[in-house]
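Quick notes on the structure that follows.
The values are calculated or read from the model by the stated rules, or taken from the named source; none is laboratory data. Just so it is clear, the model here is predicted, and its values are computed rather than measured. Positions of Cβ are backbone-derived with ideal geometry, glycine not excepted, and every protein chain shown enters the neighbour counts.
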Amino acid sequence: MTLTPRAAVAALAFGLTALAGCQQKMATQPAPRPYEANDLFANRQSARPLEKGVIHRNQPVSDDPLVAWLTPAGKSPTVSKAWKDAVDPTGTTAPTAGAPTDVANFVNEFPFEITMGDLTRGQSLYNGVCALCHGGAGYGNGKIPERGYLKPPSYHIDPKGEEHDAGHFVGEARKELPVGYSRGFDRYGKKVSLKEAPLGYLYQVITWGYGGMGSHETQLPNPADRWRVIAYVRALQQSQYVEDKDLPAKNRDELTKAGAK
């Protein structure tokens, strides 16, 4: 059957009207949106709060070594009298759980054995998530600070102790730190290089963020991957202090050829 032009236009118009009606019904769902006001529940929200103690299937419990980066001391940190007198004479900024007041506040062992596979994955994640700011070798010279944004601390100390970074503000004065030292520990009067900072502290910074670095819990949602990145950072740190004589012959030859150029 052949439709006349007028009938064809009428059929097309009817079809478009039907599709529009269908789209409208599908777009206006009766289901409530998350956190939308709802008088049915006591909390007056459509999203119900989880009952105390509920965890999802793959979520580690709080005392699982995979997510327990604090020691008992770190859960109730203390500071020296000298720090209180210098920074907090009124006692109004007592440190909370996780404050880097002492290296003993943090665990310093990996919660699982690190294999070459873990290091390889840590390297891949570091290059994809961290290197933009921290740089490929961990000197804080990635593409983001190269364009004028806040420069992160170097993972490596200056052997001569002459180089300093911007540090952080204390009161109205900017306090400088030797390159490669932790700004978090320095805030509480502790001079700790990032090469010597406990593993749990590095895990905490990745999870919570610090200073200009936001939390990377979303970028690294698997807690095990955060430890793998830390393992790779430790490998980066060690790589900068290996003497030529301790390298395999192949690598020594490569260094010699590079120096000759």
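Listing for the model above:
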| quantity | calculated |
| --- | --- |
| In region 48-68, the residues that are surrounded by 10 or more Cβ atoms within 10 Å (Cβ to Cβ) and either in contact with a strand residue (DSSP E or B) (Cβ under 6 Å, 6 or more places away or on another chain) or modelled with pLDDT under 80 (or both) | 48, 49, 55, 59 |
| Complete set of residues in region 95-129 that are in contact with a Leu (Cβ under 9 Å, 6 or more places away or on another chain) and not polar (S, T, N, Q) | 97, 98, 106, 107, 109, 110, 111, 112, 125, 126, 129 |
| Pairs with Cβ under 7 Å, 6+ apart, first in region 84-99 and within 26 Å of residue 200 (Cβ to Cβ), second modelled with pLDDT of 75 or more and hydrophobic (A, V, I, L, M, F, W, C) | 95/79; 97/70; 98/70 |
| Top-ranked residue in region 196-255 [being of a type in the set (Gly, Ala, Ser) and touching a Leu at 6+ places or on another chain (Cβ under 7 Å); ranked as surrounded by the most Cβ atoms within 10 Å (Cβ to Cβ)] | 200 |
| Filtered residue count, region 69-96, keeping only those that are out of contact with any Asp or Glu (no Cβ under 9 Å at 6 or more places or on another chain) and modelled with pLDDT of 90 or more | 5 |
| Among residues of region 112-146, those that are in contact (Cβ under 8 Å) with a residue 60 or more places away in the chain, buried (at least 18 other Cβ atoms within 10 Å of the Cβ), out of contact with any Gly (no Cβ under 6 Å at 6 or more places or on another chain) and closer than 21 Å to residue 182 by Cβ, counted | 4 |
| Failed item in (1) of a type in the set (Phe, Trp, Tyr); (2) farther than 20 Å from residue 195 by Cα; (3) assigned to a helix (DSSP H, G or I), with residue 126 passing the rest | (2) |
| Matching residues, region 102-111, being surrounded by 12 or more Cβ atoms within 10 Å (Cβ to Cβ) and either under 21 Å from residue 219 (Cα atoms) or of a type in the set (D, E, K, R) (or both) | 102, 110, 111 |
